[in-house]
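Reading through the structure tokens given below for one structure.
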Amino acid sequence: MHCNRFCWSLTLTLISALIFPTCSSAPEIAAQAEPGRIVSLNGAITETVVALGQGRQLVGIDVTSTYPEDSLGHLPSLGHVRQLGIEGVLSLHPTLVLVDDREAKLPAVQALRDAGITVASLPVAYTLEGPAILADTLARLLGVPDQGEQLANRIRMETAALPATSAGHAKLRVLFIYARGAGNLQVAGIDTPADAVIRLAGGQNAGDAFSGFRPLSAEGLLAARPDVLLFFTSGLASLGGPDGVLQLPGIAQTPAGQNKAIIGMDGLYLLGFTPRAPQAIAELARRLEQLSSSDNSNL
Amino acid sequence: MSSTPKSSFWVLSFAVMATAIISLFLGSYSLDCFEVLRIFTGIGGSSTEPAAAYLLWSVRLPRVIMAILIGGGLAAAGAALQGLFRNPLADPSLLGISSGAMALAALGLASGSNIRAILSPLGDQLFTMALGFVGGLLAAAWVYRLATRQGQTSVSAMLLAGIAITALAGAITGLALYVADDASLRDITFWTLGSLGAGQWRMVAVLTPIVFIAVGCLLYQARTLDLMSLGEQDAAYAGIDVQAAKRRIIVLSTLIVGACVASTGIISFIALVAPHLVRLLTGAAHRTLLPLSVLMGACLLLIADALARTLAAPAELPLGVLTALLGAPFFLWLLRRSFQTIHD
């Protein structure tokens, strides 16, 4: 039976695929003097490239690369790295493609390597050390270690200058809501960039009962008892601003809803762990501080 | 508006060849015609750019072949199912095949980090394909069993069971979306929209035998389908084992659709629209309808994919969105037209 033969060949292919993994996970980062044409497929990496003064080498970016707008506005966008068209990347004749470590094993990224393109996978860690490490690694890759050291030092200084998380009063419970219109709301649990940023800014993640993202429910919202709701600016806009948020079921009954404690910040700035991460965290900490003091004055 | 099947056959064959060849020249990577010819023939020395050779041999060529295989396969499955159910709206998605494949593949993608981390990228891809394939087969087998009583398969029961299974599969997909992390979510969305972007030789290697054998077998069912379109009793009087024929046609169609959905995600409307276009051209006799649908489907998908690759270059549009955008208005026109014929 042809069906049988097919099953056999499929099994064989599967087995051989499992036995001979084709991936080479170790990032091959060698110092390169003149990279020339760079395609960056991650917002934090793109921003770091520009911060290192190498923005003019960029020839293509992905959809998450939004800052700084002046240096990127004219560049062709290749969509999301998980929906990457190989031909689109090749058409830009890149000499170097930069990806986030987490996305280095995607089939499309593998295919780029097969096409003879140098692909460098870089660490984008969701920690305070992350942006500085990225700046260092990237600078060495691009052959500008001095700028890298400068940038990394600047980031480390800004990090060190962050106000110590105030232990005096109870931490605010912050819930990050990823919104794409009222029908599509996800809340961040632990093991998310949002969780890391909230804790770094001196808050407590109100969605600490689960990991990853979960759809928002009115009941879950009441159980989480958030003092503050945190949004991307774009997400807040998709709900019709703070007034739209207060219309969502369950919101008005939370402490955050009652105090209208709603914060919107740019997505890449807030959660990208870009060179601006210390600023973003400081800003969030400041806004949380304001909310908690106005809270106290209300009492 | 009808023409002879023979001339249609030649015209469509030519159209498939032409669109396939033009597709090889189209894309966001600009290559002049001579460069393309030089790479394919090897005449005039090898190409100056290694990326260009890779692009043609490993990206565009497998993609064009996949478009032909999947377009042709889906159209043949659609034509056969429409004939079998004597229902011009019959479509693989109606019988739960597509959504069954989708559901299991989505579960596999969402189980994500745990299982898939062990597999290499190739193993990962084949794992998803195999799951989609099994999901399609399971759904079809279940629908078939639900609709069969005492050796008789009721067509209306089958359509109803298809709706129920589609709902169930939709729930499973929803569950997968619920537990999926952000990365898997992207993969699942990608999959529901359909794309030939992941087309690679190993997929062609898996798809080719399935599509060729299944479509070949379907072509042999033309006479059976013609007789079945007269009604099952008449077909039985004419000496056809109706139950066996139904089973054969459903299994063959599922094989094609399961393999296609598993390799590229859900590509809507080709299975529905291609056979209708052919009926407009040459009429409903399955001896001509089936092979011409294969050509028509291949041609339509080649055009849709060429548009998907070039309209938003260097990014790509999801193919499923494009086929739906092109297919749905046509389908509405078709509905209107058939209502008018009824009322006239």
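The values are calculated or read from the model by the stated rules, or taken from the named source; none is laboratory data. These figures come from a predicted structure and were not determined experimentally. So basically every Cβ, Gly included, is an ideal-geometry build from the backbone, and we count neighbours across all protein chains shown. In case anyone asks, the SASA skips ligands and DNA or RNA and just uses the protein heavy atoms, side chains included. Shrake-Rupley method; radii C 1.70, N 1.55, O 1.52, S 1.80 Å.
Report yes if residue B:291 is open to solvent by 30 Å² or more (accessible area, probe 1.4 Å) and within 20 Å of residue B:73 (Cβ to Cβ), otherwise no.
yes
With the requirement that a residue be without any contact (Cβ under 8 Å) to a residue 24 or more places away in the chain and either under 22 Å from residue B:131 (Cα atoms) or not polar (S, T, N, Q) (or both), what does the range B:142-163 give you?
Scanning the range B:142-163 gives B:145, B:146, B:147, B:149, B:157, B:160.
Would you point out the residue of the range A:184-203, among those that are assigned to a strand (DSSP E or B) and out of contact with any Leu (no Cβ under 7 Å at 6 or more places or on another chain), that is most open to solvent (accessible area, probe 1.4 Å)?
Among those that are assigned to a strand (DSSP E or B) and out of contact with any Leu (no Cβ under 7 Å at 6 or more places or on another chain), it is A:190.
Conditions: (1) free of Cβ contacts under 8 Å to residues at least 40 places away in the same chain; (2) open to solvent by less than 20 Å² (accessible area, probe 1.4 Å); (3) under 28 Å from residue A:128 (Cα atoms); (4) not aliphatic (A, V, I, L, M). Residue A:287 meets all but one. Number of the miss?
Every listed condition holds for residue A:287 apart from (2).
For the range A:250-267, indicate whether the set of residues that are within 14 Å of chain B (Cβ to nearest Cβ) and under 15 Å from the mean Cα position of the chain (by Cα) is non-empty.
Checking the range A:250-267: at least one residue is within 14 Å of chain B (Cβ to nearest Cβ) and under 15 Å from the mean Cα position of the chain (by Cα).
Can you tell me which residues in the range A:56-72 are open to solvent by 10 Å² or more (accessible area, probe 1.4 Å) and charged (D, E, K, R)?
If the condition is that a residue be open to solvent by 10 Å² or more (accessible area, probe 1.4 Å) and charged (D, E, K, R), then A:56, A:69, A:70 are the ones that fit.
Residue A:219 fails exactly one of the following numbered conditions: (1) under 15 Å from the mean Cα position of the chain (by Cα); (2) exposed (fewer than 15 other Cβ atoms within 10 Å of the Cβ); (3) charged (D, E, K, R). What is the number of that condition?
Failed condition: (1).
Could you count how many residues in the range A:73-93 are open to solvent by 10 Å² or more (accessible area, probe 1.4 Å) and either farther than 18 Å from residue B:312 by Cα or more than 7 Å from chain B (Cβ to nearest Cβ) (or both)?
5
Filter the range B:193-231 down to the residues that are more than 10 Å from chain A (Cβ to nearest Cβ), open to solvent by 20 Å² or more (accessible area, probe 1.4 Å) and under 27 Å from residue A:114 (Cα atoms), then identify the one that is modelled with the highest pLDDT.
Looking at residues that are more than 10 Å from chain A (Cβ to nearest Cβ), open to solvent by 20 Å² or more (accessible area, probe 1.4 Å) and under 27 Å from residue A:114 (Cα atoms), I get B:208.
Working only within the range B:241-260, note down all residues that are within 27 Å of residue B:17 (Cβ to Cβ) and open to solvent by 10 Å² or more (accessible area, probe 1.4 Å).
Matches in the range B:241-260: B:252, B:255.
Can you name the residue in the range B:104-124 that is open to solvent by 30 Å² or more (accessible area, probe 1.4 Å) and within 11 Å of chain A (Cβ to nearest Cβ) and, of all such residues, is modelled with the highest pLDDT?
Among them, the one singled out is B:124.
Taking the range A:44-64 as the region of interest, how many residues are assigned to a loop (DSSP other than H, G, I, E, B) and either touching a residue at least 40 places away in the same chain (Cβ under 8 Å) or more than 14 Å from chain B (Cβ to nearest Cβ) (or both)?
Count: 4.
Checking the condition within 13 Å of chain A (Cβ to nearest Cβ) and at pLDDT below 75, which residue from B:47, B:3, B:28 passes?
Going through B:47, B:3, B:28 in turn, just one is within 13 Å of chain A (Cβ to nearest Cβ) and at pLDDT below 75: B:47.
Do you know which of the residues in the range A:204-216 that are open to solvent by 50 Å² or more (accessible area, probe 1.4 Å) and in contact with a Gly (Cβ under 9 Å, 6 or more places away or on another chain) is farthest from the other protein chains (Cβ to nearest Cβ)?
Only one residue fits best here, namely A:208.
For (1) open to solvent by 30 Å² or more (accessible area, probe 1.4 Å); (2) assigned to a loop (DSSP other than H, G, I, E, B); (3) at pLDDT 95 or above; (4) under 20 Å from residue B:29 (Cβ atoms), each residue gets a yes or a no:
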site: A:105; (1), (2), (3), (4): yes, yes, no, no
site: A:112; (1), (2), (3), (4): no, no, no, yes
site: A:116; (1), (2), (3), (4): yes, yes, no, yes
site: A:126; (1), (2), (3), (4): yes, yes, no, no
site: A:143; (1), (2), (3), (4): yes, yes, no, no
site: A:146; (1), (2), (3), (4): yes, no, no, no
site: A:158; (1), (2), (3), (4): yes, no, no, no
